[in-house]
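Student: Structure below; questions to follow.
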Amino acid sequence: MLENNLAYPCFCTNEELEAKQERSKKLGIPHVYDGKCKNLSPKEVEEKKKQGIPYAIRFKVEPKEVVVDDIVQGRVKFDSRLIGDFIIVKSDGFPSYNYAVVIDDYEMKISHVIRGVGHLSNTPRQILIHEALKLPLPKYAHISEIVGTDKKKLSKRRGATSVMFFKELGYLSEALVNYMALLGWYPEDGVEFMPDGELLKKFDIERCSKSPAMFDFFLIEKNSESEQEEIDVSQLSIEEIKQMINPKTKLNWMNQKYIRYYSVEKVYELAKPFLLKDSEVQELIQNDESKVKDIFASIRDYLVTLDDAIPYIKELSKDEIQITEEAKNELKSLEEKQPGAEDLINIFIDLIKKENPDTEEEYSNLIKQAGKLSNRKGRFLFMPIRIYTTGKIHGLELPRLFYLLGKDRILKRIDYIKQKLQNQ
């Protein structure tokens, strides 16, 4: 390019260039190199080289309109006069990004350059270099920015994190890929869950959106302006990061879809490394893994991540349960509004002993009978039964839980909670 007068040496010092940039900034105009070294004669160039003055190589930009035909952003036009002569080789001999990437892409036979929209402004420079070297242009696609829940661009301190972090939290790789594909792109048929290669069949880069896409995994404060308030998630532990996760993130929905889609056997094997991290569950697996597998199969549909299985397995494997303060308060509140929770439980006990339920449906009917006999319904029916059998106010669907526990274990649990409440 030097031989063909497409580039020239620039002997401007950093101090000179910085002063010119500062002047442009004060005037409120875009900074464009003024071409000071553009018209140096060959003799002047040689003299400066002999003096050992450091120099960079600048690409000579002729005034013209540079057009980027972008797959995503459409036809974008740039005025080369606002670009100016730019450096392609630095004074230390190292090539600039815009020059190096053109050569690298050509030698690697890159057909499509797909990158963030922040690189769109680099593209006219790269096109000019392609044209000067008579290299074929690749196709360009500049994808929309990804922002956090605070609508600000993701960065190391604003929600970006390692892919391995998601694996440690119990997210399936297929779910993460599916979720990430939907950031800035949407399938034509509107079906977001795409297992078994459906994503590969459906994906079309031309359907990518120009609008920013939201990575909704972390809840980031919208008014967090200062660097001190921003959090570098790479420096936090898994437990600390869990507290920042948005419970309504689409990744949770997507992961649960995949957990339900795959066979129980496959999901159990994927979850097993998480289960073995807990000493109590590890002991259960060593003593009776088939029982753990049965429990896992029953709770699989309720899992959001593979890591969620541990508390469920612990819950279903013990008879002596603890009643939470939250459950005690709820029971007290219900009793104030409609007394008779203990009478309901006694009716429930009698029905279990009489009917000997053995399926989820039979347990469901038994709960309804208890409601009719005690004249209770809604939370006044279900919540006391849940608290007396689990010690909590949230959990599995009661008919399924009771089916898994069995009649004898249910009765033991109720008796244990009764004693706990009486001894308060």
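Student: With axes computed from alpha carbons, what is the tilt in degrees of helix 250-261 against the longest principal axis of the chain, rounded to the nearest 10 within 0 to 90?
Tutor: It is inclined by approximately 60 degrees.
Student: Could you derive backbone 3J(HN,Hα) for the range 118-131 from the dihedral phi with the Karplus parameters 6.51, -1.76 and 1.60 (θ = phi - 60°), listing whole Hz in sequence and x where the residue is Gly or Pro?
Tutor: x, 8, 4, 5, 7, 4, x, 4, 5, 5, 4, 5, 3, 5
Student: So how strong a dipole does the range 22-114 carry about its Cα centre when Lys and Arg Cβ are +1 and Asp and Glu Cβ are -1, to the nearest 20 debye?
Tutor: Once rounded to the nearest 20, the dipole reads 460 debye.
Student: Build a GNM of the chain with springs between Cα atoms under 10 Å: which of K77, K50, K109 gets the top mean-square fluctuation?
Tutor: Comparing K77, K50, K109 in the GNM, the peak value goes to K50.
Student: Would you be so kind as to identify which of Q286, V304, L316 lies farthest towards the positive end of the dipole of the range 262-316, taking Lys and Arg as +1 and Asp and Glu as -1 on Cβ and the Cα centre as origin?
Tutor: Final value for the positive-end residue is V304.
Student: Determine the shape class of the range 262-316: with a ≥ b ≥ c the square roots of the Cα gyration tensor eigenvalues, call it rounded for a/c under 1.5, and otherwise prolate if a/b is greater than b/c, oblate otherwise.
Tutor: rounded
Student: Have a look at M194, H112, L275 and report the one farthest towards the positive end of the charge dipole of the chain, computed about the Cα centre with Cβ charges (Lys/Arg +1, Asp/Glu -1).
Tutor: H112
Student: Sum -39500 (n - 2.57) across every DSSP H segment of at least 4 residues in the chain, then divide by the residue count to get the 222 nm mean residue ellipticity, nearest 500.
Tutor: Per the formula, -14500 deg cm²/dmol.
Student: Over all directions, what mean area does the Cα convex hull of the range 7-143 project, stated in square nanometres?
Tutor: 9.3
Student: Using only the Cα atoms of the range 325-422, what are the Rg and Dmax in Å?
Tutor: Rg then Dmax for the range 325-422, in Å: 12.2, 34.
Student: Let me know the Rg and Dmax you get for the range 163-256 when you use only its Cα atoms, in Å.
Tutor: For the range 163-256, the Cα-based Rg and Dmax read 15.2, 44 Å.
Student: Once the dipole of the chain is set up with Lys and Arg at +1 and Asp and Glu at -1 on Cβ about the Cα centre, which of S41, L351, I146 lies farthest towards its positive end?
Tutor: Farthest along the dipole direction, towards plus: S41.
Student: Quick one: dipole size for the range 279-424, taken about the Cα centre, charges +1 on Lys/Arg Cβ and -1 on Asp/Glu Cβ, in debye to the nearest 20.
Tutor: 540
Student: Now a separate question. Which of the aspartates and glutamates could be linked to K20 by a straight reach, that is with a Cα gap under 19 Å, when you skip same-chain ones fewer than 8 residues away?
Tutor: D34, D85
Student: For the range 62-177, what is the Kirkwood estimate of the hydrodynamic radius, computed as the reciprocal of the mean inverse distance between distinct Cα atoms, to one decimal in Å?
Tutor: By the Kirkwood definition, the hydrodynamic radius is 16.8 Å.
Student: Under the 0.36 nm per residue contour assumption, what length would be gained going from the current alpha-carbon distance of K43 and Y261 to full extension?
Tutor: Answer, rounded to one decimal: 71.0 nm.
Student: Students often forget the sequence filter, so: which lysines lie under 25 Å Cα-Cα from K250 once same-chain residues fewer than 8 apart are removed?
Tutor: Qualifying lysines at Cα under 25 Å: K151, K152, K153, K156, K167, K201, K202, K210, K222, K242, K266, K272.
Student: Same structure, new question: Please determine, in degrees from 0 to 90 and to the nearest 10, the orientation of helix 97-107 with respect to the longest principal axis defined by the Cα atoms of the chain, where the helix direction is its Cα long axis.
Tutor: Helix 97-107 and the main axis of the chain meet at about 80 degrees.
Student: Determine the dipole magnitude for the chain: charges of +1 sit on the beta-carbon of Lys and Arg, -1 on that of Asp and Glu, nothing else is charged, the reference point is the Cα centre, and the result goes in debye to the nearest 20.
Tutor: It comes to approximately 900 debye.
Student: For each cysteine in the chain, check whether another cysteine's C-beta sits under 4.7 Å from its C-beta; list those where none does.
Tutor: Result for the chain is C12, C208, no neighbouring Cys Cβ within the cutoff.
Only the coordinates and a few stated rules stand behind these numbers; no lab work does. All of these numbers come straight from a predicted model, not from anything done at the bench. Positions of Cβ are generated from backbone atoms using ideal geometry, with glycine treated the same way; all protein chains shown enter the neighbour counts.
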